[in-house]
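The values are calculated or read from the model by the stated rules, or taken from the named source; none is laboratory data. Quantities reported herein were computed from a predicted structural model and do not represent experimental measurements. Glycine gets a Cβ as well: all are built from the backbone with ideal geometry, and neighbour counts include every protein chain shown. These accessible areas exclude ligands, DNA and RNA; they are computed on the full protein's heavy atoms, side chains included. Shrake-Rupley method; radii C 1.70, N 1.55, O 1.52, S 1.80 Å.
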Amino acid sequence: MAKEKVQRTGTNSALRDFLKSEAAGGILLMVAAALAMIVANSPLYDMYHHFLHELKGPTLSGKLGPMTPHLWINDGLMAIFFFLVGLEIKREFVDGRLNTWERRRLPVLAAAAGMIVPAIFYLVIVRDVPALYNGWAIPAATDIAFAIGVLALLGPRAPASLKLFLVTVAIVDDMGAVAIIALVYTAEINGAALLASAVILAIMYTMNRNGVLKLWPYLILSVILWYAVLMSGVHATIAGVLAALTIPIIVTPSSPDAKGSPLHRMEHAIAPWSAFFIVPIFGFANAGVSLEGIGWDQVFAPLPLGIAAGLFFGKQIGIFASVWIAVKTGFAGRLGGASWLQVYGVAMLCGIGFTMSLFIGALAFPGNELLIEEAKIGVLGGSVLSAIVGYCVLRFAPQDAQLTAGEKQDGDQLKAAL
């Protein structure tokens, strides 16, 4: 009994630390985005734009041309972010909250609906402008760091079940976004580079299968894989996810921090750099939109309106409706300790699509600065609106003392499980 209590306490502590670190990273991301908007609408804008887009470095790929700081951030640093995403996905599916179908089905259903419905909203609004169709996936992603940052501002008003649900939906959502980037936003393919990528990946997989647990061979091959994928025409960040899936993991159901597991060690080493450096840098480099000369006509143009509507309306409708239907039909159980109004509030927070949406926006309209800027306006508008309304819903939703007896019982069961 004492051993079981220690294990549960350790798991609870690890979960709490995880949520706190995500929250801190999300708040820092908000600050970085706000700072980018301030700089972009100040006399510093020319310097900001020149540094990001006009300073030229070496040419790694003929398709990309000379590497600018903006390219290094989006194709280099973000590959590390996607590497972490891949590690989290593998951990959750092998040794975490998504390791059984019973645990997967509700977040998978919610994430799928939360990607499909926003895309429908977007396509309906831009239906008369075929040139904009390629942006359908922009409102399909949820920014886990930003959303958890908003939840952190609510403190105990957000039950643990809601935080767990948000994290698992966002992880499945990231899987969908990665698949979309790989399948949809890949243009010309270099067959030789793609073959080289496959060979490197096969070597890493073979190392895993043969019990190689040292990390340095995987890291060296990951860098080579990144360059091969960059040359292949597939977006270089996909290399991060693929490399992560080859990192060995030691399954330890009773321990959240297996010191002997290469994947766990790698994840803990990268997570702070991603949360406190890479993602904020990306936010600062991509959120800066100059509002000079922008009127209501530009704000309500089809592209920003479609993205904002997809994030704000599509996400909340898709996720909340899918959860409600799943519970009512018995497909999945309801979230313990949370009212339907709180579930709706979290569904609203899933409309914060900041990091991944900005990233996909740049891929959807390569070389078209006007459309990329309009996409940023839509992402910022939809994300901020979702954050404010979601926060208000959760801030004023009934708390535990006002829940029904059944909801309290669900909450007690959840706490015991944790």
Could you look through the range 134-149, keep only residues that are open to solvent by 10 Å² or more (accessible area, probe 1.4 Å) and part of a helix (DSSP H, G or I), and pick out the one that is nearest to Gly25 (Cα to Cα)? Ala145
In the set Ala110, Ala131, Ala119, which member is of a type in the set (Gly, Ala, Ser), closer than 30 Å to Gly367 by Cβ and open to solvent by less than 30 Å² (accessible area, probe 1.4 Å)? Ala119
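What tally of residues in the range 185-224 results from selecting those that are closer than 15 Å to Met266 by Cβ, within 26 Å of the chain's Cα centre (by Cα) and open to solvent by 50 Å² or more (accessible area, probe 1.4 Å)?
The qualifying residues number 3.
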Report, by residue number, each residue of the range 338-354 that is open to solvent by 10 Å² or more (accessible area, probe 1.4 Å) and either of a type outside the set (Ser, Thr, Tyr) or under 19 Å from the mean Cα position of the chain (by Cα) (or both). Trp340, Leu341
Anything in the range 16-75 that is among the charged types (D, E, K, R), modelled with pLDDT of 85 or more and open to solvent by 20 Å² or more (accessible area, probe 1.4 Å)? List them, or say none. Asp46
Answer yes or no as to whether Tyr227 is open to solvent by 30 Å² or more (accessible area, probe 1.4 Å) and under 15 Å from Asp75 (Cβ atoms). yes
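Let's see how each residue does on (1) among the acidic types (Asp, Glu); (2) part of a helix (DSSP H, G or I); (3) modelled with pLDDT of 95 or more:
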position	(1), (2), (3)
Ile317	no, yes, yes
Val327	no, yes, no
Phe331	no, no, no
Gly337	no, no, no
Met356	no, yes, no
Leu363	no, yes, no
Gly367	no, no, no
When restricted to Pro280, Pro272, the only residue surrounded by fewer than 16 Cβ atoms within 10 Å (Cβ to Cβ) and part of a helix (DSSP H, G or I) is Pro272
Looking at this structure, is Gly240 under 26 Å from Pro69 (Cα atoms) and not in a helix (DSSP H, G or I)? no
